[in-house]
Structure formats: C-alpha cells, structure tokens
C-alpha cells in the first residue's frame, strides 16, 4: 500500500486488497506512486502522463485527477488476463511534502471517476466520491465514498454499494456542485424504462432518466429523479395524457390547444396495445426536433411527421402531418434500423399498466 501508507491505516478503516494477486497489484501501486512523485506536487494535473508508461508494462489502467483538487489522484488497475477479477484502486494525496497512498478493492473498476470535496469538518476535512461500473452489456453504477481522517493520514470507507441504476451502453455520470456549497452532487443519466406502448428503431432517440445523488453522513442518497425533457419524452407524455382522458394537461404540451381534439379524433387516445407507436426515424443529427412516427390506430396504420419546438422553457408539439408509408434513408438521412422493443417471454404485456 505504499512505502509508509499501509501501516498507518487501522485495519477497520481499510478495504484491503487480498489474495494471490495482492503483491502484483501492490507493485503497480508503488510504481504509480514513484511516477507521480517524480512529477512533483505542483504538476499532479499531469498525472495522466503516467498511463502510457503503466500500459506499456502490459497493464490496464486509468488515471483520474480532480482538476479543482489536483493534489488528489486515483489510479485504477485491472487484470487484463482475467476480466472478471476485482480491480484495485490506489488513492494518492499529498500530506505536506509526503505523497501518500492507500489501496482499495473495486468489484468493477471500469470507467472510474472521482471527486474530492472540502467538508471543513475537524474529524473529516475532505471526502472523496468514486463511481465505477462492472463489465458487461448492461452494467450498473457503483458508488464509493471515503473521508480523510483528521490528521490526513488515511481514508475511512463510508459507503461502497451498487446503486442498481442500469447504465446500458449510453449511461453516464458527472459531478456538479448544484447548490454552490463546494460539495459536489452526483448526477447520473441512464436509459429510461421502456414504455410498452412505444418502440423505437435502433438509431432513433430514446428517453433518458436523470438522477441526482447528494452526500449525506451515511453516504450518497437519491435526492431527485426525473425524465429528462426532450421532444420524444414530450410525445410519449402527450399520448399517455390522452389515454388517461386528461385533456387539460395534454393541452400544456402542444403549441395550440386545438391539437388535443385533433389527436383525439385521429384515435391517439384509444389504443393501449403493445407497440401501438413506433419511432421510425428522426431529423438527421443529434437532438432532433422532428420525429417520424407510425401509429396502429382504430383507422388503420398511419404514418406521421411530428414537429416540436421550445416554448416558454419546455418542449411542446408544434404540429404533425400525415405522410405515406415507412421512411427511407433519403427522408431520415440514415438507414432505417430494426426496432428494439421485445415483449417479455414472447407475450404482449398490458401497456395500460406501464409506468409513465
């Protein structure tokens, strides 16, 4: 754990790296410490420069430095020959002129990120939040919280748990000081739960859930969760409001109130079957403002182009027009892809019970 770090850390405050590979991980940590120390205290922002050196030894590593607290850094080491093995993380920090080091075990260690916050408490002047994920096609987000002891000699483990938040291929997290108190909140973006009433082509926009975690005495806890506003989220909300018979609220997500009655006339508020709606395409490029939708309604299959705009700080439906047939690469700017929705077990679920 470092030439002077491990013996100073009481066992009850350590999440020890153990097993047959301990010596190998410890050696990597010592190499990392030596390389970081060669940079000097004032050059810790350049810590990423040591990654090519470590990787040249056949290792799989990540280096993270908090740009606002550059005297702290994290080295994550994974076994490239055993992908299921736990990873080893090494925290480095300066105590006056001494670069200290402490090792921590991680069950995932993939795409790590860290944030150090100044707490100002006598018994815990700093906290360090670390997020990582496991390997696999649908990884969950793991979060760890440590606090530095009063004399700056070692970190106490406060929390290490799997949040259960599924990140998928597009999930991401970031640290943001939302209330300007110098203690960062953890903001997570993850694919929203599939609504069985809707389906999308593989390259079409999806709904995204935003979650905000805040630091409490016992660790990070969920403060808020919401569906991230977007044209597609607005459209799914509009249809759901029509199905619930809530025309007043539906009128708040369209530019002109008469669009509500028009949608009811076209049967948008009457069909609850699985995959009643399919997003067939969208405006080319990221963050599209129009969608191509297919509707299996009481009047047969219809195809629409739905246009959106930002109005008084929120996305609303501006208008829609009926079109003929499914979209082509010429109309969408991309190859129309296969849909992604699949009924569980081959059975069509009751979409009327789906979460909004």
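List of remarks:
- Among residues of region 202-248, those that are at positive phi and outside the structural domain of residue 288 (by TED's automatic domain parsing), counted: 1
- Region 166-187: number of residues that are closer than 12 Å to residue 133 by Cβ and either at pLDDT below 90 or not assigned by TED's automatic domain parsing to the domain that holds residue 112 (or both): 5
- Any hit, region 246-264, residues being within 23 Å of the chain's Cα centre (by Cα) and free of Cβ contacts under 8 Å to residues at least 40 places away in the same chain: no
- Matching residues in region 139-164 - criterion: being surrounded by fewer than 12 Cβ atoms within 10 Å (Cβ to Cβ) and under 15 Å from the mean Cα position of the chain (by Cα): 164
- Those strands (runs of 3 or more DSSP E) lying entirely in region 84-131 with at least 2 residues surrounded by fewer than 22 Cβ atoms within 10 Å (Cβ to Cβ), touching a residue at least 24 places away in the same chain (Cβ under 8 Å) and within 20 Å of the chain's Cα centre (by Cα): 110-118
- Looking only at region 35-70, and only at residues there that are in contact with a helix residue (DSSP H, G or I) (Cβ under 7 Å, 6 or more places away or on another chain) and surrounded by fewer than 17 Cβ atoms within 10 Å (Cβ to Cβ), the one that is nearest to residue 180 (Cα to Cα): 67
- Residue, modelled with the highest pLDDT, within region 286-314, restricted to residues that are over 26 Å from the mean Cα position of the chain (by Cα) and not in a strand (DSSP E or B): 312
- 2 or more residues in contact with a strand residue (DSSP E or B) (Cβ under 9 Å, 6 or more places away or on another chain) and closer than 30 Å to residue 143 by Cβ: qualifying helices (runs of 4 or more DSSP H) within region 171-285: 231-243
The values are calculated or read from the model by the stated rules, or taken from the named source; none is laboratory data. Source: prediction; values computed, not measured. Because the Cβ atoms are built from the backbone with ideal geometry, glycine has one as well, and the counts that use them run over all protein chains shown.
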